[in-house]
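First comes the structure, then the notes that go with it.
The values are calculated or read from the model by the stated rules, or taken from the named source; none is laboratory data. The structure displayed is predicted, hence computed values, not measured ones. All Cβ positions, glycine included, derive from the backbone under ideal geometry; neighbour counts span all protein chains shown.
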Amino acid sequence: MRSSTLLTLLVAAVTAKPTANAPPPGAVIVKPGDNLQSIVNANAGKTIFLQAGKYKGPIVIKSKITMMGATDNEESYSGNKATITIYRAQEEGFNNHQTAAVQVEADGVKFYHVNFENTWGLKPSKDPKNPIKNQALAVSTQGDEIGFYGCKLDGWQDTLETEGKGARSLGKQVFAKCLVQGCTDFIFGKTAAAWFEDCDIKVKDKDVGYVTAQGRENKNGGGHYVFNKCEVSGSAKGGSYFLGRPWRPFAAVMFQNSKLSGVINQAGWSKWKPDNVTEPVGDLEFREYQNTGAGSDIKGRKLGKRASGPDSISKTLGGDYNSWVDMKYMK
């Protein structure tokens, strides 16, 4: 009996999820109620650890930092306990970037196990078929070598904006083991090469929705998205969502080795304005490779095509990607 109990305890110890409630040595510890913006401003190059609770945005990051949140599970976003929240949208007079709960304006910034939310979509609407009136971001990035690991990004329209630093500067960014959810163009940008690894992409209830709105502006531009080993799902009715639509005529998006549920329309991809017969589509690069699930059948695709092989992370983020990407989260 005693040996059986010991064996049970040993198995539990081996299979238990790792925890990360303790801040790393040397971290600047922050608790709810502290002035997070002032702490960020005063601690360039340091690690900032958020204790469990909610923090009011916007938080603007202008220097390289690492921000970590308390969590019960280092392998996922599911145990996150720290949330940066905002209630702000364009209709209040802000631009896209300024509506975000966190606004990154620096290179080399990393986030671990932090939730970001913009609750503007909860605002009552007079039109139940269009609950989102305009843009209200959870996160906006403008920079290079930026990483999000085990984070949750929650919004409605335009949840996540990815850009380089400057109008024409390419920014390399990675999102690993994260949850990104929204309903309209909720992953969008022009000048970032972003790799999404093992992420949950969840859509919210809406008659018609779009996961991505990539906006590469010319054929030689480096901005594009790759979704690798991700899952697209949600509570919306079947066929109500598209993998993306082109914000600009050279939009480039790849879904590979991913699970696409039945929320994805058989057409897969949409024009920016579906009824615009003159909209140029010849330079779009909407591609798919070895996906599974009810939404993965490419027979009905008109704008998308089957890729001959997968994209490599080194092609997307550069050959030196492992010098700045946390490879622990890429397994």
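Numbers below:
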item: Output for segment 134-160, where each listed residue is among the hydroxyl-bearing types (S, T, Y) and outside any loop (DSSP other than H, G, I, E, B); result: S140, T141, Y149
item: Residue match in segment 247-254 (condition: hydrophobic (A, V, I, L, M, F, W, C) and surrounded by fewer than 20 Cβ atoms within 10 Å (Cβ to Cβ)); result: yes
item: Pairs with Cβ under 7 Å, 6+ apart, first in segment 275-288 and free of Cβ contacts under 8 Å to residues at least 60 places away in the same chain and of a type in the set (K, R), second surrounded by fewer than 22 Cβ atoms within 10 Å (Cβ to Cβ) and assigned to a loop (DSSP other than H, G, I, E, B); result: R287/A307
item: Test: residue in segment 306-323 that is buried (at least 22 other Cβ atoms within 10 Å of the Cβ) and touching an Asp or Glu at 6+ places or on another chain (Cβ under 8 Å); result: no
item: Given (1) modelled with pLDDT of 95 or more; (2) not in a strand (DSSP E or B), number of the condition F111 does not satisfy; result: (2)
item: Candidates G268, G234 - the one that is more than 19 Å from the chain's Cα centre (by Cα) and either in contact (Cβ under 8 Å) with a residue 60 or more places away in the chain or surrounded by 16 or more Cβ atoms within 10 Å (Cβ to Cβ) (or both); result: G268
item: Pair list, Cβ < 8 Å and 6+ apart or interchain, from segment 302-331 residues that are under 18 Å from F255 (Cβ atoms) to residues that are of a type in the set (K, R) and outside any helix (DSSP H, G or I); result: L303/K271; G304/R287; K305/R287; R306/R287; A307/R287; T316/K172; L317/K172
item: Cβ pairs under 6 Å, 6+ apart, first in segment 31-47 and farther than 16 Å from A101 by Cα and free of Cβ contacts under 8 Å to residues at least 60 places away in the same chain, second assigned to a loop (DSSP other than H, G, I, E, B) and of a type in the set (D, E, K, R); result: G45/K64
item: Single residue of A42, A20, A70, A82 found to be touching an Asp or Glu at 6+ places or on another chain (Cβ under 6 Å) and either surrounded by 10 or more Cβ atoms within 10 Å (Cβ to Cβ) or modelled with pLDDT of 95 or more (or both); result: A20
